[in-house]
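The values are calculated or read from the model by the stated rules, or taken from the named source; none is laboratory data. These numbers were taken from a predicted model, which means no experiment stands behind them. Glycine also receives a Cβ, built like all others from the backbone with ideal geometry; neighbour counts cover every protein chain displayed. These area figures cover heavy atoms from the full protein model, side chains too; ligands, DNA and RNA do not enter into them. Shrake-Rupley method; radii C 1.70, N 1.55, O 1.52, S 1.80 Å.
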Amino acid sequence: MASIDEPVRWGILGTAGIAASAFLPALREAGGGVAAAVAGRDLERVKAWAGVNEVVRGVRGYEAVVSDPEIEAVYIPLPNDLHAEWTIAALEAGKAVFCEKPLCTTPEETERVLERAHASAMPLWEAFVFPFHEQMVRVRGSLADGVVGEVREIRSSFHFVLDDSEDIRMLAERSGGSVQDVGCYPVRLARLLFDAEPDLGRTIADAAWAASGVDEELWGALRFPGDRRLVFSCGFRAGEDTATLVLGTSGEIRMTNPFHPEPGDELVVVDGFGTRTEPAAPGGVRSFTPAIRHIHRALRGLEAPRHLAVDDAIGNATAIAAVLSAARARG
Ligand SMILES: NC(=O)c1ccc[n+]([C@@H]2O[C@H](COP(=O)([O-])OP(=O)(O)OC[C@H]3O[C@@H](n4cnc5c(N)ncnc54)[C@H](OP(=O)(O)O)[C@@H]3O)[C@@H](O)[C@H]2O)c1
């Protein structure tokens, strides 16, 4: 094992927008890691991208990073249809993996990847970063303390306008669609806060379909044990919105952005004592930073790994498959 002070050497697969806008700035903010290499399909483009984004080397072909003995952890921000293949390749090459959400787009593929993760004994995280946020720790603590009584309903949305029919999110062959891209967040949130799996036989969903065949907007409800429910909507047609309400028997919690809180986002708790409003992201920490810090500490043996894909990814993939199937059944 590397010494505690040695930075984690990351390799990135693909010159992705999210790697430049979120992962790399957070890696610099987190400390304890270095972006050692990025791989891309085009050598000139990847070299230029590495220069602009302060990655040590740009190399052609994802295999070059996966097989590089100097790389310890691999970040995979490829289109959804490539996550499984490259996650397996990186795990089997002995790397820790931080793969973008959704890890896979079917339960069957998720099972296959998790089996390979288990066999490789390497840690695998699906890049839902919000369970690591201070906001989520506060919300879960308040719910455990019964601050709003028993949670009966979660209402959560994730929308933004996407006006590019060539974007990977709009392409069926890239496993796009709004529920895989953003609807997966309310589902993950409800499973986390209810600490239970939904009764998928009772799933309600409907969608607006793009010409490519992907869901451009999707809305519905998942029923959890005890008649509790998630009511959610997601899509690419409405302005940016991540408003979320956790409704309890004696109060409620409202979050303007439970998923990627920024300065200006708020956490509001309404209980028997009144209404308290707090900043959702105190200190302005970047959304990916707490997760990356955790991965660094876990890889150096300073913390037990938390929120691993093996604990969670199959539940999300199964719920999303049920939601899509319910929406498709409506035509
Ligand atoms: N966790 C989050 O908050 C968050 C936010 C945004 C996106 N994401 C996820 O991150 C992933 C990437 O999203 P993004 O918006 O960053 O996408 P993007 O900018 O389109 O980047 C995807 C990269 O994949 C590579 N690629 C390989 N085959 C490709 C193909 N056939 N078509 C297009 N690109 C291909 C490309 O890099 P090269 O050409 O250099 O190989 C491309 O730059 C998705 O899974 C998405 O769900 C997560």
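Express the accessible area of region 55-99 per residue in Å², computed with a 1.4 Å probe while the remaining protein chains stay in the model. Walk me through the numbers before you get to the answer.
On the way: 1550 Å² over 45 residues.
Per-residue accessible area for region 55-99 comes out at 35 Å².
What distance in nm separates the simple spin-label points at residue 172 and residue 41, each placed 7 Å from Cα in the Cβ direction?
The two pseudo-label positions are separated by 2.0 nm.
Below 8 Å, C-alpha to C-alpha, sequence gap of six or more: please give me the relative contact order for region 216-303 in percent. Present the calculation step by step, with values, prior to reporting the outcome.
On the way: 119 pairs, mean separation 14.0, N = 88.
Across region 216-303, relative contact order equals 16 percent.
Where the accessible area of region 9-70 is counted over protein heavy atoms with a 1.4 Å probe, how much of it, in %, is carbon and sulfur?
Working: 1480 of 2860 Å².
Carbon and sulfur atoms account for 52 percent of the accessible area of region 9-70.
By per-residue mean of other Cβ atoms within 10 Å, what is the highest-first order of 3-10, 245-252, 320-327? Intermediate results must be reported in sequence, preceding the final value.
Working: 3-10: 15.1, 245-252: 17.6, 320-327: 21.2.
Ranking the peptides 3-10, 245-252, 320-327 by packing returns 320-327, 245-252, 3-10.
Report the relative contact order of the chain, percent, no decimals, based on alpha-carbon pairs under 8 angstrom and at least 6 residues apart. Before the final figure, lay out the partial values.
Numbers: 707 pairs, mean separation 59.6, N = 331.
Relative contact order for the chain comes out at 18 percent.
Within the accessible area of region 98-230, what % is carbon and sulfur when the probe is 1.4 Å and the other protein chains stay in place? If you can, show how the numbers build up before the last one.
On the way: 2590 of 5410 Å².
Of the solvent-accessible surface of region 98-230, carbon and sulfur hold 48 percent.
Of 243, 142, 285, which is farthest along the charge dipole of the chain in the positive direction, counting Lys and Arg as +1 and Asp and Glu as -1 at C-beta?
With unit charges placed on the Cβ atoms, the residue in question is 142.
Build a GNM of the chain with springs between Cα atoms under 10 Å: which of 277, 203, 242 gets the top mean-square fluctuation?
Comparing 277, 203, 242 in a Gaussian network model of the chain, the most mobile one is 277.
Relative contact order for region 67-195: what percent, with Cα pairs under 8 Å and sequence separation of 6 or more? Provide the component values of the computation, followed by the final result.
Details: 142 pairs, mean separation 28.5, N = 129.
Answer for region 67-195 is 22 percent.
Can you give me the angle between helix 289-299 and the longest principal axis of the chain, using Cα atoms only, in degrees from 0 to 90, rounded to the nearest 10?
Approximately 60 degrees, to the nearest 10.
Tell me the Kirkwood radius of region 25-75: reciprocal of the mean inverse pair distance over distinct alpha-carbon atoms, in Å. Let's see the in-between values first.
Working: mean 1/r = 0.0889 Å⁻¹.
So the Kirkwood estimate lands at 11.2 Å.
Mind grabbing the base-10 log of I(q)/I(0) for the chain at q = 0.07, 0.08, 0.14, 0.16 Å⁻¹? Debye formula, identical points on the C-alpha positions, no solvent, two decimal places.
Once normalised to I(0) and log-transformed, intensities are -0.28, -0.37, -1.16, -1.46.
Helix 107-120 versus the longest principal axis of the chain: what angle, 0 to 90°, nearest 10, using Cα atoms?
The helix 107-120 is inclined about 50 degrees to the chain.
Post the alpha-carbon centroid distance, region 305-331 to region 96-130, in whole angstrom.
13
Compute the distance from the alpha-carbon center of region 261-295 to that of region 133-152, in whole Å.
Here the answer is 13 Å between Cα centres.
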